[in-house]
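Below is one structure; the comments refer to it alone.
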Amino acid sequence: MPLKQFMTLPRHILEGEKLHPEATGELSAILLQLGLAAKVISLEVNKAGLVEILGFTGKTNVHGEDVKKLDMFAHEMLIRAMDHGGHFCVMASEEDENIIHLPPHQKIGKYVLLFDPLDGSSNIEANVSIGTIFSIYKRISKGDGPGVIEDCLQPGFKQVAAGYIVYGPSTIFVYSAGHGVYGFTLDPAFGEFLLSHDNIKIPARGRIYSINEGNYNSWSRGLKKYIKHLQASKFEGKPYQLRYVGSMVADIHRTLLYGGTFMYPGDKRNPKGKLRLVYECNPLSFIIEAAGGVAIDGERRILELTPSSLHERTPIFAGSKDDIELLKKFLDEEK
Ligand code: AHG
Ligand code: MN
Ligand code: MN
Ligand code: MN
């Protein structure tokens, strides 16, 4: 796709601000700062094999996951990049059990930042695409003191912006502030994100389904029937394909561009599945919906779920409108 009149991320955000006055200059400043953090993390990711940043920290996080050095690098980088400038009243991260308060001397702002600093970290050593996910809300707690946990537990439809960075063959920054979805590819020659995906719209149907088939035996009957139906069907004369990276950002990015479905269901062992609502499913569902797709937990719209805790999980079925509608029919039939 030709690079539209050399549209950089900063220019796009500032022009967007003129188009949508409700997106205050502050939101622009936040997105620009996230772009800077993305460049720094991308630099570290792209040389991970060469410096002492692979492997484990020896710590485990609240999910019982072994924390990778790159998880912690991205976590600390985002906090350092975002904790000044007076934009936020509180933050929260996959890698911190509790909410993150700003340093005492910092000005308190009216926004909330939730993030998964490094998504897909089991893929780092295999040099497979990984990502960063962010979600932004306005504070709802009163007063101008530090934010509280309620500010971080709002339903996803209240996000003012959300997006992700995918560190793959190229580094792509994708965001939406509610008016379209835009992708910017980092040109490492001069360290600028250039508009490469203008106003992304997800196809109404796709030929790819994305799910960890290793969990097949613990799926619901309806889901098993749906997957068997796909395997026996054709789309535009060709059989369906299974593609599963194991990094949610990479699987969602491909689903956004090619269409189809990404699914991480609950099962008998983990009824709520594996993926976290607040900093994985909400921001990525916001993007999928802004591009014309659908994201549900099997019953309800993901963005209408009200989180009850920071790290709670939810099943997720997201992607092309027609595909998710057909999946829902299979799930409903076998309830
Ligand atoms: P994270 O690396 O942030 O903990 O997230 C990993 C998640 C998500 O990226 C991916 O979709 C999922 O784990 C893969 O889980 P399985 O290996 O169970 O399929
Ligand atoms: Mn993790
Ligand atoms: Mn993740
Ligand atoms: Mn993570």
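Numbers for the structure displayed
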{"quantity": "Compactness of segment 51-185, expressed as Rg and Dmax over alpha-carbon positions, Å", "calculated": "15.5, 47"}
{"quantity": "Proximal lysines to Lys110, defined as alpha-carbon separation beneath 27 angstrom and excluding residues fewer than eight positions away on the same chain", "calculated": "Lys18, Lys39, Lys138, Lys142, Lys158"}
{"quantity": "Signed unit charges on C-beta, dipole axis of the chain, positive-most listed residue Ser233, Gly246, Met72", "calculated": "Ser233"}
{"quantity": "Partners for Lys234 among lysines (Cα-Cα distance below 21 Å; same-chain residues under 8 apart left out)", "calculated": "Lys224, Lys225, Lys321, Lys328, Lys329"}
{"quantity": "R0 of 35 Å, Cβ-Cβ distance Ala126-His105: FRET efficiency to nearest 0.05", "calculated": "0.25"}
{"quantity": "Debye intensity ratio I(q)/I(0), log10, segment 34-127, q values 0.19 Å⁻¹ (C-alpha model)", "calculated": "-0.91"}
{"quantity": "Student exercise, the chain dipole from Lys, Arg, Asp, Glu Cβ charges, in Debye to nearest 20", "calculated": "920 debye"}
{"quantity": "Cα-based helix-to-principal-axis angle, 69-82 vs the chain, degrees rounded to 10", "calculated": "50 degrees"}
{"quantity": "Fewest-first sequence of Thr306, Thr171, Thr132, Thr8 by Cβ atoms within 10 Å of each Cβ", "calculated": "Thr306, Thr8, Thr171, Thr132"}
{"quantity": "Global form of the chain, assessed from the alpha-carbon gyration tensor, a/c cut-off 1.5", "calculated": "rounded"}
{"quantity": "Cross-link partners of Lys201 among aspartates and glutamates (Cα-Cα below 12 Å; sequence separation of 8 or more within a chain)", "calculated": "Glu289"}
{"quantity": "Alpha-carbon centroid distance for the pair segment 118-187 / segment 248-265, whole angstrom", "calculated": "16 Å"}
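None of the figures in this text is laboratory data; all of them are computed from the coordinates on show. Owing to the predicted nature of the structure, the values given are computational and were not obtained by experimental measurement. Heads up, the Cβs are rebuilt from the backbone with ideal geometry, glycines too, and the neighbour counts pull from every protein chain shown.
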